[in-house]
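Below: the structure, in structure tokens.
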Amino acid sequence: MATLTQPELEFNERVGARRRTGLVVSSLLFAATLFGIVVLVTLLVDIVVTGWPWLSGSFLTNYPSRFPAEAGVKSALVGSLWMIGLTALLSVPIGIASAVYLEEYAPRHWFFRFVQINIANLAGVPSVLYGILGLALFVRFLALGRSLMAGSMTMALLILPVVIIGTQEALRAVPQGVRESAYALGATRWQVIWSHLLPIAAPGILTGVILSLSRAIGETAPLIMIGALTFVAFLPESVMDSFTVLPIQIFNWTSRPQAEFQELAAAGIIVLMVLLLVMNLSAILLRNRFERYRAQ
């Protein structure tokens with residue numbers, strides 16, 4: 001029987017220790033993942049079981065009411081669609097244009113690094129601070145009041161850093177050879193950006209935009225700060241009308257002491273989740289279409 005030398009014994013001991021450490025770490029990571037999944041599934045099941053009996057056609061077409069049996073989410077659902085549409089119109093063009101400038105035109109000196117650091121920091125600022133900014137700037141200074149426009153501009157500020165960062169990352173992922181080949185054929189910088197970079201980066205840009213809009217549609221704190229209404233029994237007809245959104249309506253119902261309103265809040269959460277799923281599905285379909293276009 002062959003005997004092991006001292007260095008071989010030390011090596012075997014280190015291998016065993018590393019295997020045990022790897023097993024412990026992988027077990028902890030698996031337990032953390034399982035815990036998160038169990039909590040998420042528990043919450044979803046509880047919400048669906050509680051809110052499902054209240055879901056009906058009248059729930060989607062009725063205005064809020066002090067009687068639970070007559071309450072609905074019509075004004076909140078329409079307000080959410082108005083707000084997310086305006087937020088996208090305001091934030092997406094500005095965010096993509098800013099990212100293109102920073103990535104393709106801006107000179108690389110101290111001011112560029114200063115702007116980049118601040119954009120990254122703004123992406124992590126709590127949403128309630130954007131609400132305070134929107135209250136001071138849009139509601140009071142620009143005198144927009146508690147209107148859809150004030151709320152949409154506040155939410156546009158909230159998601160603008162995420163749109164810029166997502167677009168920059170998508171542009172950086174385009175191979176440098178694409179730019180060099182286009183320049184070698186005599187294309188101008190704008191032609192390179194419009195005809196090559198943006199189509200290739202479109203799937204990544206769309207993913208960032210949808211993720212940011214998904215965050216905006218679920219936010220409550222900024223809209224409460226600018227004074228969005230919690231009880232609206234009419235539909236907004238212009239961007240200067242008062243409004244409410246689904247998260248505020250859900251927040252209002254959860255603050256009521258009656259058990260029926262708690263169940264209505266669960267039904268409202270289901271409607272909000274379906275809206276988010278539709279948005280994400282649209283993003284996936286658009287991204288797949290652009291990827292097929294790029295592959296041709």
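Which distance in Å, rounded to a whole number, links the C-alpha centroids of the range 192-258 and the range 85-129?
The distance from the Cα centre of the range 192-258 to that of the range 85-129 comes to 19 Å.
Just the number, please: Stokes-Einstein D of the range 20-177 in µm²/s, Kirkwood Rh from C-alpha pairs, 10 °C, 1.306 mPa s.
79 µm²/s
Just tell me the longest site-free run in the chain, where the sites are chymotrypsin sites (Phe, Trp or Tyr not before Pro) in a DSSP loop having at most 14 other beta-carbon atoms within 10 Å.
1-230
Which label marks the calculated value of Cα Rg over 2.2 N^0.38 Å, given the options (i) 1.33; (ii) 1.42; (iii) 1.07?
Correct label is (i).
Rounded to the nearest 0.05, what FRET efficiency do L277 and S238 give with R0 = 25 Å and r taken as the Cβ-Cβ distance? Could you check?
In this case the efficiency is close to 0.25.
With n ≥ 4 as the cut-off for DSSP H runs, can you work out [θ] at 222 nm for the chain, using -39500 (n - 2.57) per run divided by the number of residues, rounded to the nearest 500?
Taken over the chain, the calculation gives -24000 deg cm²/dmol.
Would you mind calculating the relative contact order of the range 61-158 from Cα pairs under 8 angstrom and at least 6 residues apart, reporting the percent as a whole number?
Relative contact order of the range 61-158: 29 percent.
Defining a contact as two alpha carbons under 8 Å apart and six or more residues distant in sequence, what relative contact order in percent does the range 106-196 show?
About 24 percent, as a whole number.
Based on C-alpha coordinates, I'd like the Rg and Dmax of the range 66-120, in Å.
20.0, 62
Would you mind calculating the gained length between F111 and T61 on full extension (0.36 nm times residue separation, minus the Cα-Cα distance), in nm to one decimal?
Extending this stretch completely gives an extra 12.8 nm.
Over the chain, what is the relative contact order in whole percent, taking alpha-carbon pairs under 8 Å and six or more residues apart?
Computed over the chain, the figure is 25 percent.
What does the convex hull of the Cα atoms of the range 144-296 come to per residue, in Å³, rounded to a whole number?
Enclosed volume per residue, from the Cα hull, is 135 Å³.
What is the calculated FRET efficiency for E260 to S27, with r their C-beta to C-beta distance and R₀ = 41 Å, to the nearest 0.05?
For R0 = 41 Å, the calculated efficiency reads 0.40.
With each label point set 7 Å from Cα along the Cα-Cβ vector, what nm distance links F231 and W190?
5.5 nm
No value in this document is a laboratory result; all are computed from the given coordinates. Computed from a prediction, not measured in an experiment: that's the story for all the values here. A quick note on method: Cβ atoms are made from the backbone with ideal geometry, for glycine too, and the neighbour counts reach across all protein chains shown.
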